[in-house]
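Single-structure report; data block below.
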Amino acid sequence: MFPMNPLTPVSWLARGAVICGWAMAVGVAHAALPIQHWTQPSGARVFLVESHAIPMVDLQIDLDAGGRRDPADKAGLASVMAGQISSGMRAHPNGKGPFSQAMDENQIGEAWADLGASFSASAGADRLSFSLRSLSYADLLDKAIDLAARQMAHPAFPEAMWLRDRERLNASIRESLTQPATLAQHRFASAVYGEHPYGFRSTPETLARIGVADLHAKHAQALQACRASVSVVGALTRAQTDALVTRLLAQWPSRAACPALPPVAEVAALGEAKNLNVPFNSAQAHVLIGQPGYKRNDPDFFALLVGNHILGGGGFVSRLTEQVREKRGLSYSVYSYFSPGLHAGAFTVGLQTRPDQAAQAVTVAKEVVQEFVRNGPTAAELQAAKSNLMGGFALRIDSNRKLLDNVANMAWNRLPLQYLETWTQQVDRVSQDDVRRAMARVLQPERMVTVVVGGQP
């Protein structure tokens, strides 16, 4: 081994890797979670949890520019735009400051590797997100801020890169549709959401309609500081965080006003049950049962959380597992979950079984759901679920990354600043009547979608 110059890029990468590994292994214990919140002059809302145990900063910027705002004929536009952020960067208009030159995707990747930091962009159904992780040492963090600010504000969207990646996406989509699980998910989403954007799926046809001009237009529409929700966890003070966020957003387009975005319709309730049986030559039948659920700001969130834990979210101790797996041996795994968002995300029951047992498995699963909605949990089930959820809460925030996910969720959904501190108390307050009432209000077992993919016609 030869001695390494402490100023070489390799040493920065090693230094970052060591600290990142330490952070993942050790985690961070938070006895209290004081969340600081303020709004910048630009309108950006900032949420900070100071965590000085390790010299790390994790940051996430969320914007109302996710898939729900994609045109129906260009489904996947938000996700594509986010993915192309790293494909190239235009030269800085003023030609000043670090990283002011144009950079291709390889140069961008090398720059982040040299800093021992990471930056990414992604888009879900509701939001477009930018994520930054860096050591908090000033010499490294300053450069990471400069590079992230440039990458967000001045992507190049080179056409050659998009055409290359579009072919990869098309191949991936075609391959995924040869899998029964993917086919079941697509049919289920289409039946549950109908014409709502939550049901949109990228196809080779929708991707073919997306051009570089669409990427630039989507990017320009998304980058509005007045709509940004910025969550930060790490070894920074409030003053340092405010300065950091100001620098990150400084190159975004300046706007005199922040006009309201057009409304997105709510998910329509199902008028009747739908049963879709899709023949597929597979060893296992893939079964999905469900309906539109609830929005994340539903006042019964905790009652529904506890209720679903008992019904099918609690693993091997759930009602569905007991009836479908343990008593009848119809499936190795059966589960249920809610997917709340800005609109009513789906309630889903899922399982796999032999094709010749699919009808029986569907009948049993539906009966379990119906009985639970009608009568609710037993006292013993309720206590066990609450103890499990409350006992596992610490694992939800035992690292900076997990804590950031929770803070970003709280900020995005405009939950109270004390949300994380009172989480276990909220769970503990849930009663049998709360669960029974909430589940009966949200779920209509007689009007659910049932998709079975597998078996012969």
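Bear in mind that the values in this text are calculations on the coordinates, not laboratory data. Fair warning: this is a prediction, and the values are worked out from it, not measured in the lab. Methodologically, a virtual Cβ is constructed for each residue, glycine included, from the backbone with ideal geometry; neighbour enumeration extends over all protein chains shown.
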**OP:** Amide H neighbours of F47 under 5 Å, at least 5 residues apart or on other chains, H built in the peptide plane: list them.
**Re:** V230, S231, V232
Original post:
Out of L135, A222, I145, whose Cα points farthest toward the positive end of the dipole of the chain (charges: +1 Lys, Arg; -1 Asp, Glu; placed on Cβ)?
Top reply: A222
Original post:
Where does region 45-202 land on Rg(C-alpha)/(2.2 N^0.38 Å)?
Top reply: 1.22
**OP:** Find the relative contact order for region 76-207 and round it to a whole percent, using C-alpha pairs within less than 8 Å whose residues are 6+ positions apart.
**Re:** 27
Original post:
Using alpha-carbon pairs under 8 Å, 6+ residues apart, how would you state the relative contact order of the chain in percent?
Top reply: 21
Subject >> Shape of the chain, Cα gyration tensor, a/c cut at 1.5 >> reply: prolate
**OP:** Just round it to a whole percent: the fraction of Cα-Cα distances in region 98-154 exceeding 16 Å.
**Re:** 42
Original post:
Dipole size in debye (nearest 20) for the chain around its Cα centre, Lys and Arg Cβ +1, Asp and Glu Cβ -1?
Top reply: 360
Subject >> ³J(HN,Hα), Karplus 6.51/-1.76/1.60, whole Hz, each residue of region 271-287, x for Gly, Pro >> reply: x, 7, 5, 10, 10, 10, 10, 10, x, 7, 7, 9, 5, 10, 8, 9, 10
Subject >> Leading residue at positive end of dipole, region 9-249 (Cβ point charges), from M81, F188, Q36 >> reply: F188
Original post:
Taking 0.36 nm per intervening residue step and subtracting the Cα-Cα distance, what contour gain separates E205 from S176 on full extension?
Top reply: 8.9 nm
Original post:
Tell me, what is the FRET efficiency for L417 and E50 to the nearest 0.05, using R0 = 22 angstrom and their Cβ-Cβ distance as r?
Top reply: 0.95
Original post:
Among T241, F347, A384, whose Cα sits farthest toward the positive end of the charge dipole of the chain (+1 at Cβ of Lys/Arg, -1 at Cβ of Asp/Glu, about the Cα centre)?
Top reply: F347
Original post:
So what is the relative contact order for region 274-453, in percent, with contacts set as C-alpha pairs under 8 Å and at least six apart?
Top reply: 38
Original post:
How large is ³J(HN,Hα) for each residue in region 184-189, as worked out from phi by the Karplus curve 6.51 cos²θ - 1.76 cosθ + 1.60 (θ = phi - 60°), to whole Hz, x for Gly and Pro?
Top reply: 5, 4, 5, 5, 5, 4
**OP:** Starting at the first residue of region 46-55, write each ³J(HN,Hα) from the Karplus equation 6.51 cos²θ - 1.76 cosθ + 1.60 with θ = phi - 60°, in whole Hz, x for Gly and Pro.
**Re:** 10, 10, 10, 10, 6, 9, 9, 5, 9, x
Subject >> Too-long pairs where the Cα-Cα distance tops 22 Å, listed order kept, from K143/K402; K327/K366; K218/K402; K96/K143 >> reply: K143/K402; K218/K402
Subject >> Net lengthening on full extension, E110/L395 (0.36 nm per residue, minus Cα-Cα) >> reply: 99.2 nm
**OP:** Quick one: which residues, 5+ away or cross-chain, put their amide H under 5 Å from the amide H of V278? H built at 1.01 Å from N.
**Re:** V452, V453, G454
Original post:
Where nothing but the Cβ of Lys and Arg (+1) and of Asp and Glu (-1) is charged, how large is the charge dipole of region 87-181 around its Cα centre, in debye to the nearest 20?
Top reply: 220
**OP:** Tell me which residues come under 5 Å, amide H to amide H, from L351 once H is placed; ignore anything under 5 positions away on its chain.
**Re:** V287
Original post:
About the Cα centre of region 48-136, what is the dipole size in debye to 20, counting +1 per Lys and Arg Cβ and -1 per Asp and Glu Cβ, all else neutral?
Top reply: 200
Original post:
With the Cα gyration tensor of region 274-453 giving a ≥ b ≥ c as the square roots of its eigenvalues, does the rule (a/c under 1.5 for rounded; else a/b larger than b/c for prolate; else oblate) give rounded, prolate or oblate?
Top reply: prolate
